[in-house]
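Here is the structure we will look at.
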Amino acid sequence: MTSIALKSIAAGGGTAIIHPEHGFAMPARRVYATAAEVSACLRPDEPVFCFAPAVLRTRIKAFLDGFPGEVAYAMKANPGEDILITASAVGLNCFDVASLEEMAAIRAIAPRARLHYHNPVKSRAEIARALNVFGCRRFCVDDLQEIAKIAGLAGDANGIELAVRFRLPPARQSVHDFSAKFGATPDEAACLLREVAARGFRPVLTFHPGSQCTEPQAYARHIAAAAGIAAAAGVELSALNVGGGFPATYAGSAGPDLGRFFTAIDEAADAHFGKENRPRLECEPGRAMVAPAVSLLTTVKLVKPQRKEVFLNDGIYGALMEVSQSHALMPHHHVIRDGHTLAAGTSTWTVYGPTCDPLDVLPVKLALADDIAEGDFVEFAPVGAYGAATATRFNGYGPRDTVIVGAIF
């Protein structure tokens, strides 16, 4: 897949990026070297996201060059305009969406991008708008009722793909188990696949091995099951979508080399479908693609040295929500003062967010500088995945602004 050439023009002290295919411009903004420079120049009193487009471009390229099939971005991980503009400009032209709101966001930036509506549960109104307003031709199902709804609203099945989502017992190597909510059993999936083919839709199988999956063989296990489902249904697949779940590197869990995942997927498809007969492969990364491209710059509001407590201007109701769900998703972090990382010794601190809720506390104590003080900054990374997407405005707090940086620490 080739990248789109961008045109840069000087504007307003920054650089405006003009996308030649769509004509939109990314707003001109200053590019800071790192979050440390942001802290020194802006001294923000509110939490700020620091986005490094170069990091995102590198991650996207790793998938485009390495995955043995088509790559879509799962925009639920981060639907930010900067993210979508960068992804589209690099060459991504397919997006995994879960709502009409996400479709509208994509269409505003990439009018001709293909949409994978892979939320298995949709209202009739949502299906109708996806078909007739946004031109969506791919839908996901895990129940006969969903097939009937889509068939009744589509009228003509020509060109529409229905992806049957199946589930297996959860892998121990993942953080979040998706099988509890979505997916048919293999036997159910075979019946659904036959129904999809009988109604004239193009049949696809899809699965999700679980978020932050650290074991490549989890994908191989699902691909083997997919081959068995297709054989039991007597249906030739139009495509096999291996979902997302690819890992990013956090303080509590290192993400293995993506190449190991790509190789395992490629080899499993050959082994279980046959090298000459295997279906077209697809993947839909979110976390692994966007997580490393964004950090969160927070400000220390208060320090209680005797109690070893630090109060920040963001917490679990903001960009650090995922930390409350799993310790394995704790970002790396460091203290910044006067534009430099503090290299002093560290102590263990209880870290609170800014809201009046006592639940607004990080579930693990953090090692921070011994002399951390009011007015210092604490940077967390990676937070590109689910940092902005799940932040609330509880008590009026939460990140609002994004600045552009050259690199993430």
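So which pairs qualify, if the first residue must be in the range 41-52 and assigned by TED's automatic domain parsing to the domain that holds Met321 and touching a residue at least 60 places away in the same chain (Cβ under 8 Å), the second must be among the charged types (D, E, K, R) and outside any helix (DSSP H, G or I), the Cβ gap must be under 6 Å, and the two must be at least 6 apart or on different chains?
As it stands, the answer is none, since no pair meets every condition given.
Please work out if Arg114 is modelled with pLDDT of 95 or more, under 23 Å from Ala89 (Cβ atoms), surrounded by fewer than 23 Cβ atoms within 10 Å (Cβ to Cβ) and not polar (S, T, N, Q). Lay out the reasoning, then the answer.
Values: modelled with pLDDT of 95 or more: yes; under 23 Å from Ala89 (Cβ atoms): yes; surrounded by fewer than 23 Cβ atoms within 10 Å (Cβ to Cβ): yes; not polar (S, T, N, Q): yes.
When the stated conditions are applied, Arg114 passes them.
Go through the range 44-80 residue by residue and tally those that are under 30 Å from Gly396 (Cα atoms) and out of contact with any strand residue (DSSP E or B) (no Cβ under 8 Å at 6 or more places or on another chain).
Just the residues of the range 44-80 that are under 30 Å from Gly396 (Cα atoms), to begin with: 44-53, 56, 74-80.
Then keep just the ones that are out of contact with any strand residue (DSSP E or B) (no Cβ under 8 Å at 6 or more places or on another chain); that gives 56, 77, 79.
Of the residues in that region, 3 qualify.
From the list Ala254, Ala230, which residue is at pLDDT 95 or above and either farther than 30 Å from Ser295 by Cα or among the hydrophobic types (A, V, I, L, M, F, W, C) (or both)? Lay out the reasoning, then the answer.
Numbers: Ala254 fails: at pLDDT 95 or above.
Of the residues listed, the single one that is at pLDDT 95 or above and either farther than 30 Å from Ser295 by Cα or among the hydrophobic types (A, V, I, L, M, F, W, C) (or both) is Ala230.
So that you can scan it fast, the table gives a plain yes or no per residue for (1) assigned to a loop (DSSP other than H, G, I, E, B); (2) at pLDDT below 50:
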residue	(1), (2)
Met1	yes, yes
Ser8	no, yes
Thr15	no, yes
Pro20	yes, yes
Gly23	yes, yes
Ala28	no, no
Ala36	no, no
Val55	no, no
Ala62	no, no
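Listed here are the residues, each with its yes/no results for (1) loosely packed, with under 14 Cβ neighbours inside 10 Å; (2) closer than 19 Å to Ile336 by Cα.
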position: Val351; (1), (2): no, yes
position: Cys356; (1), (2): yes, no
position: Val361; (1), (2): no, no
position: Leu368; (1), (2): no, yes
position: Pro382; (1), (2): no, yes
position: Ala388; (1), (2): no, no
position: Ala391; (1), (2): no, no
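Determine, yes or no, whether Val364 is modelled with pLDDT under 95 and among the aliphatic types (A, V, I, L, M).
Details: modelled with pLDDT under 95: yes; among the aliphatic types (A, V, I, L, M): yes.
So Val364 passes the test.
Does the range 193-200 contain at least one residue that is on the phi > 0 side of the Ramachandran plot and not β-branched (Val, Ile, Thr)?
Step one: list which residues in the range 193-200 are on the phi > 0 side of the Ramachandran plot, which gives 200.
Subset that is not β-branched (Val, Ile, Thr): 200.
Yes, that holds for at least one residue.
Can you say whether Asp401 is among the charged types (D, E, K, R) and either surrounded by fewer than 13 Cβ atoms within 10 Å (Cβ to Cβ) or out of contact with any strand residue (DSSP E or B) (no Cβ under 8 Å at 6 or more places or on another chain) (or both), as far as the supplied structure shows?
Numbers: among the charged types (D, E, K, R): yes; either surrounded by fewer than 13 Cβ atoms within 10 Å (Cβ to Cβ) or out of contact with any strand residue (DSSP E or B) (no Cβ under 8 Å at 6 or more places or on another chain) (or both): yes.
It is true that Asp401 is among the charged types (D, E, K, R) and either surrounded by fewer than 13 Cβ atoms within 10 Å (Cβ to Cβ) or out of contact with any strand residue (DSSP E or B) (no Cβ under 8 Å at 6 or more places or on another chain) (or both).
Yes or no, residue by residue, for (1) surrounded by 19 or more Cβ atoms within 10 Å (Cβ to Cβ); (2) among the aliphatic types (A, V, I, L, M); (3) under 30 Å from Asp376 (Cβ atoms):
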position: Pro47; (1), (2), (3): yes, no, yes
position: Pro53; (1), (2), (3): yes, no, yes
position: Phe63; (1), (2), (3): yes, no, no
position: Val71; (1), (2), (3): yes, yes, no
position: Lys76; (1), (2), (3): yes, no, no
position: Glu102; (1), (2), (3): yes, no, no
position: Ala110; (1), (2), (3): yes, yes, no
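Of all residues in the range 385-401, count the ones that are in a strand (DSSP E or B) and either more than 11 Å from Leu296 (Cα to Cα) or not assigned by TED's automatic domain parsing to the domain that holds Leu329 (or both).
First pass over the range 385-401, keeping only residues in a strand (DSSP E or B): 401.
Still in the running and either more than 11 Å from Leu296 (Cα to Cα) or not assigned by TED's automatic domain parsing to the domain that holds Leu329 (or both): none.
Total satisfying the criteria: 0.
What single numbered condition from (1) crowded, with 20+ Cβ neighbours inside 10 Å; (2) touching a Gly at 6+ places or on another chain (Cβ under 9 Å); (3) not assigned by TED's automatic domain parsing to the domain that holds Ala105 fails to hold for Ile83?
Here Ile83 meets the rest and fails (3).
Of the conditions (1) surrounded by fewer than 20 Cβ atoms within 10 Å (Cβ to Cβ); (2) assigned to a strand (DSSP E or B), Val204 fails just one. Which one is it?
(1)
I'd like to check something: does the range 67-83 contain any residue that is farther than 18 Å from Thr402 by Cβ and without any contact (Cβ under 8 Å) to a residue 60 or more places away in the chain?
Looking through the range 67-83, none of the residues is farther than 18 Å from Thr402 by Cβ and without any contact (Cβ under 8 Å) to a residue 60 or more places away in the chain.
Take Ile372 and decide whether it is aliphatic (A, V, I, L, M), assigned to a loop (DSSP other than H, G, I, E, B) and outside the structural domain of Pro247 (by TED's automatic domain parsing). Give the derivation first.
Working: aliphatic (A, V, I, L, M): yes; assigned to a loop (DSSP other than H, G, I, E, B): yes; outside the structural domain of Pro247 (by TED's automatic domain parsing): yes.
Yes, satisfied.
Residue by residue through the range 315-352, note down the ones that are of a type outside the set (Gly, Ala, Ser), touching a strand residue (DSSP E or B) at 6+ places or on another chain (Cβ under 7 Å) and assigned to a helix (DSSP H, G or I).
Selection gives Leu329 alone.
Give me the helices (runs of 4 or more DSSP H) completely within the range 96-159, filtered to those with at least 1 residues that are without any contact (Cβ under 8 Å) to a residue 40 or more places away in the chain, under 23 Å from Ala198 (Cα atoms) and out of contact with any His (no Cβ under 9 Å at 6 or more places or on another chain), ordered by residue number.
Values: elements: 100-109, 124-132, 144-154.
Where helices (runs of 4 or more DSSP H) fall fully within the range 96-159 and carry at least 1 residues being without any contact (Cβ under 8 Å) to a residue 40 or more places away in the chain, under 23 Å from Ala198 (Cα atoms) and out of contact with any His (no Cβ under 9 Å at 6 or more places or on another chain), they are 124-132, 144-154.
The values are calculated or read from the model by the stated rules, or taken from the named source; none is laboratory data. These figures come from a predicted structure and were not determined experimentally. Here Cβ is always computed from backbone atoms with ideal geometry, including for glycine, and neighbour counts include all displayed protein chains.
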